[in-house]
Amino acid sequence: MCGIVGAVAQRDVVDILVEGLRRLEYRGYDSAGVAVLNAEGELSRLRRLGKVKELADAVAESPVLGGTGIAHTRWATHGEPSERNAHPHVSNKTISVVHNGIIENHAELRTMLKGEGCEFSSDTDTEVIAHFVQTRLDAGDASLLEAVQNTVSKLEGAYGTVIMDSRDPSRVIVARSGSPLVIGLGIGENFIASDQLALLPVTRRFMFLEEGDVAEITRTSVNVFDKDGNAVEREVSESTASYDAGDKGEYRHFMLKETYEQPTAITNTLDGRLGSGTVLDETFGNGAAELFKKVKHVQIVACGTSYHSGMVARYWLESVAGISCNVEIASEFRYRKSFVQPNSLLVTISQSGETADTLAALRLAKDLGYLGSLTICNVAGSSLVRESDLAFMTRAGAEIGVASTKAFTTQLVGFAMLVLALGKYNGMSEADQAELTQALKLLPGKLEETLELASQIEGLAEEFADKHNALFLGRGDQYPIAMEGALKLKEISYIHAEAYAAGELKHGPLALIDADMPIIVVAPNNDLLEKLKSNVEEVRARGGILYVFADVNAHFESDDTMRVINVPHVHPLLAPIVYTLPLQLLSYYVAIIKGTDVDQPRNLAKSVTVE
């Protein structure tokens, strides 16, 4: 959720740290700070409420110099957004700490530390780490490494943390439990971050810490210890990730840029994965074919937008592949007793691969008797990818806007290919496989056509300028797309919106219908079209104003009570992907009219790495 950057180098590192924070702005935050040690151990710290630019301006006005440093963007959990609660936190002017996650037993530790004479200057849970490390050193721990190892053994909850001591500026200590950290390896210098994207300007070689790891990092060495204190080796990988977040190109916002990148992103998702008439099993990893032959049930676990992609997949898996499927929100799945169907495959979905609840659900499921686990993810090397048996990489590229666009549609493409992969072992005909395969190959072109509707949708958005509520309707596999459309409108325009399966209108939502409640309908030309038209008439009869995104062959006509935008015809199974784009564009243009922060909406974060 928050961003961490650290460095141990011979050169001044503050510019590297601040640039790293800028590259993590997409994650969501409310304050930023940096602390640097020079060779004499002098500590300089700057913190600012608001954007990273505020911190960068402060650094420009009051330069801080030093080769060892840590920096952080904070998303408030304990304590209001303020400069005093911003990281890094300091104890006794010597120990400096940045931290992602939540220390669940912080209140108990705070009481104990106050009893030992520690004075707290913030309301955060993080500050207990700084004081605990300081008290361990005062009690005689031989090194900063030992003090941190003893400290983390007392912490309950999630943390990715970096600690430095002004009395020894040659090293930093990092610890990871539930919140990701990556070490970037340089020549005569090393770096730490919560996301490798922060470090791409300085290195392409990365080491990912595992759960429970503690590492000691100097300019010339990285020593890693597991949760039991044993020295371990962690694999070093070369990153091929690209990062263009600093350049929106011709676009006003990243969200719009990423919306228009979807044809290319989906082309990348498909590349090299489709044969002449089906999907290649190797798409999902080694051993996928043998596992898929045994699968008779799929359990999908995800959060937010990823949950909506899982809901679409349930319709597809059951209707096309003939395999039963359940979908559950990860935060619910992990805290209830569940029954595992025989021969079940667990599928997790996450853009970042670090979503805390989804990762916890995967770890829980490993003890519940699943055949195996598959993750659909956008970030190679993430925790979900490393800890799952199989992985499908969506190849969407860096997504900076908090409201997901291309990450969502590439997830849906991944599920379409999973339907092919499971279906061919469960009675799906070769003709049906070939038809869907061909439709996937044509999909990027259909998305290009759909994006040409942008000017019409921009005009439509003007009618939402004074609206405070909206209702989205869909049927079948378009119902989750209606949910996703409502979520997008909520996220970036702050208009209250909700979605209903259209057949549920008469069971309550009709009471809301009036001329001030816009009703957005997704209407592909499928076997539920006539039923959907009946639902539309129910709204019209009660004075509602309808905005219908309809297949060109669905025969909807605009009039005083209904605005119709025709969407290109597409294979019925892939219609949810195509109909997502008009809803993304609608939410974007409404947000522009409302004047909200499109890329970084209030109170939200891109990567949710805490509960």
- Message: I want to confirm something. Restricting to segment 560-611 and keeping residues that are at pLDDT below 85 and farther than 30 Å from ASP30 by Cα, which single residue is surrounded by the fewest Cβ atoms within 10 Å (Cβ to Cβ)?
- Response: ASP560
- Quick check: anything in segment 430-450 part of a loop (DSSP other than H, G, I, E, B) and either at pLDDT below 95 or aromatic (Phe, Trp, Tyr) (or both)? no
- Query: Could you say whether any residue in segment 227-237 is more than 27 Å from ILE95 (Cα to Cα) and in contact with a Gly (Cβ under 9 Å, 6 or more places away or on another chain)?
  - Reply: yes
- Message: It is to be established whether one or more residues within segment 61-72 are touching a helix residue (DSSP H, G or I) at 6+ places or on another chain (Cβ under 7 Å) and surrounded by 24 or more Cβ atoms within 10 Å (Cβ to Cβ).
- Response: yes
- Residue list for segment 75-106, restricted to those being of a type in the set (A, V, I, L, M, F, W, C) and at pLDDT 90 or above: ALA86, VAL90, ILE95, VAL97, VAL98
- Out of the residues in segment 118-166 that are within 26 Å of GLU80 (Cβ to Cβ) and free of Cβ contacts under 8 Å to residues at least 12 places away in the same chain, state the one that is farthest from the chain's Cα centre (by Cα). GLU119
- Message: Between a residue in segment 195-214 that is under 26 Å from GLN149 (Cβ atoms) and any residue that is in a strand (DSSP E or B) and basic (Lys, Arg), which pairs come within a Cβ distance under 6 Å, given they are 6 or more apart or on different chains?
- Response: LEU209/ARG176; ASP213/ARG176
- Message: For segment 307-330, give me each residue that is under 17 Å from the mean Cα position of the chain (by Cα), modelled with pLDDT of 95 or more and over 14 Å from PRO480 (Cβ atoms).
- Response: none
- Item | segment 49-73, residues that are under 22 Å from the mean Cα position of the chain (by Cα) and either modelled with pLDDT of 90 or more or in a helix (DSSP H, G or I) (or both) | VAL52, ALA71, HIS72, THR73
- Task: Please specify each residue of segment 78-123 satisfying the condition of being out of contact with any strand residue (DSSP E or B) (no Cβ under 9 Å at 6 or more places or on another chain) and either of a type in the set (Lys, Arg) or not assigned by the TED database to the domain that holds GLY160 (or both).
- Result: ARG110, LYS114
- Message: If ALA470 satisfies all but one of (1) modelled with pLDDT under 80; (2) hydrophobic (A, V, I, L, M, F, W, C); (3) not in a helix (DSSP H, G or I), what's the number of the condition it fails?
- Response: (1)
- Message: If I go through segment 129-171 residue by residue, how many of them are buried (at least 20 other Cβ atoms within 10 Å of the Cβ) and over 27 Å from ASN190 (Cβ atoms)?
- Response: 1
- Query: Can you name every residue in segment 165-199 that is among the β-branched types (Val, Ile, Thr) and in a strand (DSSP E or B)?
  - Reply: VAL172, ILE173, VAL174, VAL182, ILE183, ILE192
- Any idea which residue in segment 81-116 is nearest to ALA147 (Cα to Cα), counting only those that are in contact (Cβ under 8 Å) with a residue 40 or more places away in the chain, over 28 Å from the mean Cα position of the chain (by Cα) and assigned to a loop (DSSP other than H, G, I, E, B)? THR94
- Note on the structure: How many residues of segment 527-559 are in a loop (DSSP other than H, G, I, E, B) and either modelled with pLDDT of 85 or more or crowded, with 18+ Cβ neighbours inside 10 Å (or both)? The answer is 6
- Task: Provide a single number: the residues in segment 200-226 that are modelled with pLDDT of 90 or more, part of a loop (DSSP other than H, G, I, E, B) and either closer than 28 Å to ALA398 by Cα or not acidic (Asp, Glu) (or both).
- Result: 11
- Query: Would segment 322-329 turn up any residue that is part of a helix (DSSP H, G or I), among the aliphatic types (A, V, I, L, M), in contact with a helix residue (DSSP H, G or I) (Cβ under 8 Å, 6 or more places away or on another chain) and under 24 Å from LEU583 (Cα atoms)?
  - Reply: no
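The values are calculated or read from the model by the stated rules, or taken from the named source; none is laboratory data. Treat the numbers as computed from the prediction; the structure is a model and nothing was measured. Here the Cβ is made from the backbone with ideal geometry for all residues, glycine too, and neighbour counts use every protein chain on show.
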